[in-house]
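The values are calculated or read from the model by the stated rules, or taken from the named source; none is laboratory data. Keep in mind it's a predicted model, so treat the numbers as computed, not measured. Note: ideal-geometry Cβ built from the backbone for every residue, glycine included; neighbour counts use all protein chains shown.
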Amino acid sequence: MTDLLHHARVSRGQFLRMMGGLAVATLATACSTRPETTASTGGSATTELKFVGVADQKTPMDELVAAYQKAKPAVRVTASFAPTDQVQTSVRTQLGAGNAPDLHVVYPGNGSAMSMSQIAGAGLLADLSAQAWTKTIPAGFKPAFQLDGKTYIYSAGSSVIGAVYNKKVFERAGIDAPPTTWTEFLAVCEKLKKAGVVPIALGAQTPWVTQLITYALVPSTVYAKDPTFDDKQLAGQASFADSGWRQAMEMYLELQKRGYFNDKPNGTTFEQQTSMVATGKAAMAIQVSAVLPDFRKAATSPDDLSMFPVPGADDANAVWIPAGVVVGLGAAAKGRNVEEAKAFVDFLGRQENINAWAKAIAAIPLTQDASSSIDPAVQSFLPFTKDRAVPFMDQRWPNAEVQPVHFAVVQELLAGDATIDEALKKMDEAYRK
Amino acid sequence: MTPVTAGRARPARSARRRRFDAAAPPWWFAAPALAVYALIVLYPAIAGVIYAFTDWSGIGQDMSFVGLANFGTLLGDEQAMGSIGNTLLLTVAIVVVQNGVGLLLALGVHVKLKSRALLRVVFFAPVVVSPVMVAFLWKYIYNPDPASGLNGLLGLRVDWLGDPSVALWSIAGMVVWQYAGYSMVIFLAGLEGVPRELHEAAMIDGAGTWQRFRYVTWPLLAPAVTINLMLSTIGGLKLFDQVFAATNGGPGYATETLSTVLYKQAFVFGKFGYSTAIALVLALFVAAVSLVQVYYLRSREVTA
């Protein structure tokens with residue numbers, strides 16, 4: 001340090017004057033920028049709304065933000081997107097510090113740290129109940145949107161969990177129709193295996209992927225037999241260990257035992273799973289319909305990909321499916337532009353915008369009119385949505401710990417490091433926390 | 001052959017200190033930096049400690065003091081306790097292998113090779129890459145497919161990140177790959193400080209390569225060893241980025257470290273208070289380990 005000063009031939013006085021000058025310059029620029037930032041919240045100037053969302057919201061948001069810009073030039077919505085984990089960290093930090101973005105991602109129902117119930121419960125979400133679109137939320141979806149009768153989250157519709165499959169690969173293996181019972185499903189897998197393809201690609205290294213097969217089966221093994229299971233479980237009268245969850249886990253592991261998954265699912269990621277199905281190396285993947293665009297992007301001929309409901313029962317009429325409200329957004333209750341933020345949500349609630357959002361992510365629109373379109377890949381799920389569908393299980397779980405425990409125990413089961421008894425016991429313990 | 005005498009060391013060291021004192025700038029030169037440090041690091045850290053004694057969820061106004069309850073929970077928390085074991089195993093593996101490899105690399109590029117400048121750059125290059133990027137890169141290298149990545153190269157069929165008994169060591173390997181170059185640079189600096197006369201004298205006394213390393217180089221490398229061991233221990237104990245990006249603690253809980261557990265408590269489970277308590281325990285533990293380490297390692301340092 002001293003050497004440096006000697007060589008540069010700067011005396012201590014000169015050095016201090018230099019630093020002083022720098023400090024003054026910094027202060028001056030700081031002062032000069034301040035009036036500009038306050039101006040943006042003033043009357044005639046444009047209002048800037050900040051939105052922070054998850055990556056799957058980018059396509060529909062970009063489209064609708066542009067539309068809003070045209071409809072209301074005085075408001076500018078700036079949106080940023082990141083993967084789920086990062087958003088959870090940054091938005092929760094901002095919420096904790098009291099400087100949340102005007103609009104941000106919210107997960108429907110309960111069961112995660114960014115879910116509607118948890119954030120609205122802390123008083124941080126603006127009440128949207130006065131908006132017209134909230135009056136037409138289908139009754140079955142209300143628990144996902146509402147806490148104590150008030151609506152706090154906007155979501156464009158629902159997505160389903162089922163098998164994303166490659167039609168060409170099915171044809172080549174001599175399978176002409178998707179299976180409708182569990183026995184048929186196993187037979188289809190066997191045929192595919194004999195044909196030399198991986199029947200089911202599983203990317204269990206990516207935590208959230210681990211839950212999808214249980215979620216696909218549990219509606220048939222639990223809810224078809226007892227649609228009020230959630231309420232009983234909340235009241236402490238039912239548990240994972242003494243329910244159809246056990247059967248679902250056994251079916252999950254049966255698929256592994258018969259060699260229907262790719263080798264080493266715990267080391268395989270979601271991206272590898274996607275590419276296996278898209279390239280025809282694997283015949284199907286049990287996935288949520290919201291990621292269909294990812295599969296299509298990775299495929300050379302996207303039209304080869306479609307979906308069918310995973311039959312979790314041997315009686316085709318006892319097959320139920322999971323259909324959950326897709327990730328949505330809410331307005332911060334304590335932001336500077338609450339009214340403007342709510343106005344944007346109201347705009348998203350118009351039927352044409354619900355349609356546009358749902359179309360971009362292959363979802364079933366929350367409410368439908370003549371111009372609503374439903375992705376052909378999920379058509380086969382529509383007969384179920386009326387009375388044989390249940391929301392994704394975590395949306396009714398009482399805390400944010402059950403879901404990560406579910407991820408972890410599935411990985412342990414796949415690795416042969418745990419028994420189904422131990423796995424369900426851990427989930428029950430987390431549920432009761 | 002005895003190690004270099006300590007008798008000559010003392011006058012040399014005090015002479016250097018005197019020279020340094022004369023040219024040292026007044027203490028208040030450090031004041032601006034200290035003020036910034038206090039404001040940005042010390043104040044938030046100390047202010048945050050309070051949360052360790054509350055049940056704050058991380059959002060909202062609801063918060064009450066719960067005394068030492070969070071620390072009690074920690075003792076009974078199977079997952080957190082398991083993660084301590086993982087953290088220690090990972091730290092020991094990283095400290096031993098990273099510094100062993102670093103020392104060998106340093107000795108290798110210290111000899112008069114034509115390409116040594118290039119080799120130094122190559123070995124150091126991974127250090128400047130962000131740890132998260134390294135983890136994503138290694139996820140491809142650790143592809144379980146027998147035809148690709150490391151498996152393809154070595155003709156193995158290992159499920160590097162998916163097998164619970166292998167995953168922790170795979171992460172250690174990734175960290176060693178990244179930071180061995182860092183240890184190498186510090187060892188190199190130490191090697192540059194070993195006077196050639198000592199080697200010549202030892203050679204005249206008939207010492208071979210190994211003896212010259214053992215009795216001349218190794219004792220004089222002690223300060224570099226101290227720094228390297230301390231930095232890699234601290235780095236290992238608070239390892240987060242690489243684990244989070246590569247396995248997120250999985251499969252199951254096989255690679256969960258204290259840092260990933262405290263992250264999950266704060267941001268996934270919404271238990272900010274408990275998470276702060278874990279962070280506090282981790283900070284005190286790291287401080288205690290490093291102090292003991294420095295105290296012990298310093299006592300065996302000598303100078304030429």
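Does region A:161-183 include one or more residues that are under 30 Å from A:Ser129 (Cβ atoms), in contact (Cβ under 8 Å) with a residue 60 or more places away in the chain and surrounded by 23 or more Cβ atoms within 10 Å (Cβ to Cβ)? I'd like the intermediate steps shown before the answer.
Taking region A:161-183 as the starting set, the residues that turn out to be under 30 Å from A:Ser129 (Cβ atoms) are A:161.
Filter once more, so that each one left must be in contact (Cβ under 8 Å) with a residue 60 or more places away in the chain: A:161.
Subsequent filtering for residues that are surrounded by 23 or more Cβ atoms within 10 Å (Cβ to Cβ) retains A:161.
There is at least one residue in region A:161-183 that is under 30 Å from A:Ser129 (Cβ atoms), in contact (Cβ under 8 Å) with a residue 60 or more places away in the chain and surrounded by 23 or more Cβ atoms within 10 Å (Cβ to Cβ).
Out of B:Tyr215, B:Tyr274, which single residue is in contact with a Pro (Cβ under 7 Å, 6 or more places away or on another chain) and more than 21 Å from B:Ile171 (Cβ to Cβ)?
On the way: B:Tyr274 fails: in contact with a Pro (Cβ under 7 Å, 6 or more places away or on another chain).
Only one candidate qualifies: B:Tyr215.
Filtering A:Leu192, A:Leu202, A:Leu147 for residues that are more than 27 Å from the chain's Cα centre (by Cα) and either surrounded by 18 or more Cβ atoms within 10 Å (Cβ to Cβ) or closer than 30 Å to A:Phe51 by Cα (or both) leaves a single hit, A:Leu192.
Listed here are the residues, each with its yes/no results for (1) at pLDDT 90 or above; (2) farther than 30 Å from B:Thr226 by Cα.
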{"residue": "B:Val243", "(1), (2)": "yes, no"}
{"residue": "B:Pro251", "(1), (2)": "yes, yes"}
{"residue": "B:Thr255", "(1), (2)": "yes, no"}
{"residue": "B:Ser259", "(1), (2)": "yes, no"}
{"residue": "B:Phe267", "(1), (2)": "no, yes"}
{"residue": "B:Gly273", "(1), (2)": "yes, yes"}
{"residue": "B:Ile278", "(1), (2)": "yes, no"}
{"residue": "B:Val281", "(1), (2)": "yes, no"}
{"residue": "B:Ser299", "(1), (2)": "no, no"}
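The condition of being at pLDDT 90 or above, over 20 Å from A:Asp417 (Cβ atoms) and outside any helix (DSSP H, G or I) holds for only one of A:Ala241, A:Ala313, that being A:Ala313.
Checking each residue in region A:186-210 for being more than 24 Å from A:Asp314 (Cα to Cα) and small (Gly, Ala, Ser) picks out A:Ala195, A:Gly196, A:Gly203, A:Ala204. Yes or no: B:Val243 over 13 Å from the mean Cα position of the chain (by Cα) and either β-branched (Val, Ile, Thr) or farther than 30 Å from A:Trp208 by Cβ (or both)? So B:Val243 passes the test.
For (1) more than 19 Å from the chain's Cα centre (by Cα); (2) at pLDDT 90 or above; (3) among the β-branched types (Val, Ile, Thr); (4) farther than 25 Å from B:Gln265 by Cα, each residue gets a yes or a no:
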site	(1), (2), (3), (4)
A:Gly328	no, yes, no, no
A:Gln368	yes, no, no, yes
A:Ser372	yes, no, no, yes
A:Gln395	no, no, no, no
A:Leu424	yes, yes, no, no
A:Met427	yes, yes, no, no
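Please enumerate the residues belonging to region A:260-315 that are of a type in the set (Val, Ile, Thr), surrounded by 23 or more Cβ atoms within 10 Å (Cβ to Cβ) and within 12 Å of chain B (Cβ to nearest Cβ). Scanning region A:260-315 gives a single hit, A:Thr268. Residue count for region A:69-120 satisfying the condition of being within 9 Å of chain B (Cβ to nearest Cβ), of a type in the set (D, E, K, R) and more than 16 Å from the chain's Cα centre (by Cα): 1. Checked against (1) closer than 30 Å to A:Gln86 by Cβ; (2) more than 14 Å from chain A (Cβ to nearest Cβ); (3) part of a loop (DSSP other than H, G, I, E, B), B:Arg300 meets all criteria but (1). Residue count for region A:271-309 satisfying the condition of being acidic (Asp, Glu) and over 20 Å from A:Phe261 (Cβ atoms): 2. Within region B:236-248, the set of residues being buried (at least 19 other Cβ atoms within 10 Å of the Cβ) and part of a helix (DSSP H, G or I) comprises B:Gly236, B:Leu237, B:Gln242, B:Val243, B:Phe244, B:Ala245, B:Ala246. For A:Arg336, indicate whether it is away from chain B (no Cβ under 14 Å), surrounded by 19 or more Cβ atoms within 10 Å (Cβ to Cβ) and in contact (Cβ under 8 Å) with a residue 60 or more places away in the chain. Criteria not met by A:Arg336.
Scanning region B:51-80 for residues that are in a helix (DSSP H, G or I) and without any contact (Cβ under 8 Å) to a residue 40 or more places away in the chain, we see that the one that is nearest to the other protein chains (Cβ to nearest Cβ) is B:Glu78.
Do any helices (runs of 4 or more DSSP H) entirely within region B:85-203 hold 2 or more residues that are without any contact (Cβ under 8 Å) to a residue 12 or more places away in the chain and more than 30 Å from A:Ala408 (Cβ to Cβ), and if so, which?
Values: elements: B:116-124, B:131-141, B:149-154, B:167-192.
The helices (runs of 4 or more DSSP H) meeting that bar are B:116-124.
Against the list (1) assigned to a loop (DSSP other than H, G, I, E, B); (2) surrounded by 13 or more Cβ atoms within 10 Å (Cβ to Cβ), the condition B:Gly48 fails is (1). Residue count for region A:420-433 satisfying the condition of being charged (D, E, K, R), within 24 Å of B:Thr260 (Cβ to Cβ) and assigned to a helix (DSSP H, G or I): 5.
Exactly one residue out of B:Val122, B:Val95, B:Val66 is of a type in the set (A, V, I, L, M) and exposed (fewer than 15 other Cβ atoms within 10 Å of the Cβ), and it is B:Val122. Among the numbered criteria (1) assigned to a loop (DSSP other than H, G, I, E, B); (2) among the polar types (S, T, N, Q); (3) under 18 Å from the mean Cα position of the chain (by Cα), which single criterion is violated by A:Thr300? Only one criterion is unmet by A:Thr300, namely (3).
For residues in region A:420-433 being facing another protein chain (nearest Cβ under 10 Å) and buried (at least 19 other Cβ atoms within 10 Å of the Cβ), which is nearest to A:Glu250 (Cα to Cα)? Outline the logic, then answer.
Let us first name the residues in region A:420-433 that are facing another protein chain (nearest Cβ under 10 Å), namely A:423, A:426, A:429-430, A:433.
Narrowing the set further to residues that are buried (at least 19 other Cβ atoms within 10 Å of the Cβ) leaves A:423, A:426, A:430.
Values: A:Ala423: 11, A:Lys426: 16, A:Ala430: 21 Å.
My answer is A:Ala423.
Of a type in the set (Phe, Trp, Tyr), modelled with pLDDT under 95 and surrounded by fewer than 19 Cβ atoms within 10 Å (Cβ to Cβ) - does that describe any residue in region A:221-237? There is no residue in region A:221-237 that is of a type in the set (Phe, Trp, Tyr), modelled with pLDDT under 95 and surrounded by fewer than 19 Cβ atoms within 10 Å (Cβ to Cβ). Taken over region A:128-152, residues that are within 27 Å of A:Gln94 (Cα to Cα) and free of Cβ contacts under 8 Å to residues at least 60 places away in the same chain amount to 8. In region B:267-279, the qualifying residues are those that are closer than 18 Å to B:Ser64 by Cβ and assigned to a helix (DSSP H, G or I), and the one that is farthest from the other protein chains (Cβ to nearest Cβ) is B:Ala277.
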